[in-house]
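These notes concern the structure reproduced below.
Where a number appears in this text, it was derived from the coordinates with a stated rule and is not lab data. A quick note: this is a predicted structure, and the numbers were derived from the prediction, not measured. Note that we place each Cβ from the backbone using ideal geometry, even for glycine, and neighbour counts take in every protein chain shown.
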Amino acid sequence: VIKELIADASGDIDLADANIIISVGRGAKDEAGVELVKGLADDLGAGFGSSRAMVDKGFMAHSKQVGQTGKIVSPTLYMAIGISGAIQHLAGMGGSKVILAVNKDPEAPIFNVADYGIVGDLFEVVPILREEIKKAKSS
Ligand SMILES: Cc1cc2nc3c(=O)[nH]c(=O)nc-3n(C[C@H](O)[C@H](O)[C@H](O)COP(=O)(O)OP(=O)(O)OC[C@H]3O[C@@H](n4cnc5c(N)ncnc54)[C@H](O)[C@@H]3O)c2cc1C
């Protein structure tokens, strides 16, 4: 249950300034998946980041890549959605205060660094999170 929303901005937020970053990985598959996860970022007024896999696929700009060959970020909350947690990705976000991961594979390495883990299909989990945020906003 979401108790409080820290930010309520929207638009394109620079990852360096973002208090919350939601990053999308290969698990989101395609443009529709990216849009779904971006919706969560928009709901929270969060920065929208990416693993390299989604940059290489052309779904995300390199300026949004988090990791060894991307941005080094340390937000209050980092949500890794459909990201395995490769060492090169961790190099960019390991300093985040709180890490939440959504991944359908319970063995995904991201769970080794996550403070909160949701094992599940992001196409089911993200809409539930968005619904909870909507409720929290209207209450
Ligand atoms: C020199 C070098 C530099 C690199 N620099 C970077 C860098 O800066 N940043 C970076 O990110 N990577 C970098 N990489 C690449 C890195 O090694 C990984 O390949 C990359 O991070 C993987 O991205 P990913 O986690 O999105 O994809 P994957 O590793 O393919 O993981 C996808 C994850 O999604 C999960 N998944 C699949 N479907 C679903 C679903 N429906 N619901 C929920 N979960 C699902 C899977 O279980 C899996 O864990 C670099 C690599 C090299 C060699």
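Over the Cα atoms of the range 18-139, the radius of gyration divided by the Kirkwood radius equals 0.93; this is the Rg/Rh ratio. Placing a pseudo-label 7 Å from each Cα along the Cα-to-Cβ vector at ILE87 and ASP17 gives an inter-label distance of 3.5 nm.
For every helix of n ≥ 4 consecutive DSSP H residues, a contribution of -39,500 (n - 2.57) applies; sum these over the chain, divide by its total residues, and give [θ] at 222 nm rounded to the nearest 500 deg cm²/dmol. So the calculated ellipticity at 222 nm is -9500 deg cm²/dmol. Indicate the gyration tensor shape class of the range 79-129 (rounded, prolate or oblate), computed on the Cα atoms with a ≥ b ≥ c the square roots of the eigenvalues: a/c under 1.5 is rounded; otherwise a/b larger than b/c is prolate and the rest oblate. Cα axes put the range 79-129 in the prolate bin. If you build a Gaussian network model of the chain, linking Cα atoms that sit under 10 Å apart, which residue out of ILE20, ILE87, ILE99 swings the most? Of ILE20, ILE87, ILE99, the Gaussian network model singles out ILE87 as fluctuating most.
Considering only the Cα atoms of the range 48-107, their convex hull presents on average a projected area of 3.9 nm². Loop-resident GluC sites (Glu not before Pro) (DSSP state other than H, G, I, E or B) in the range 105-139 with no more than 16 further Cβ atoms inside 10 Å of their Cβ: GLU107. Among the lysines, which have Cα under 25 Å from the Cα of LYS57 when same-chain residues fewer than 8 positions away are ignored? Partners found: LYS29, LYS38, LYS71, LYS104. Placing unit charges on the Cβ atoms only, positive for Lys and Arg and negative for Asp and Glu, gives the chain a dipole magnitude near 160 debye about its Cα centre.
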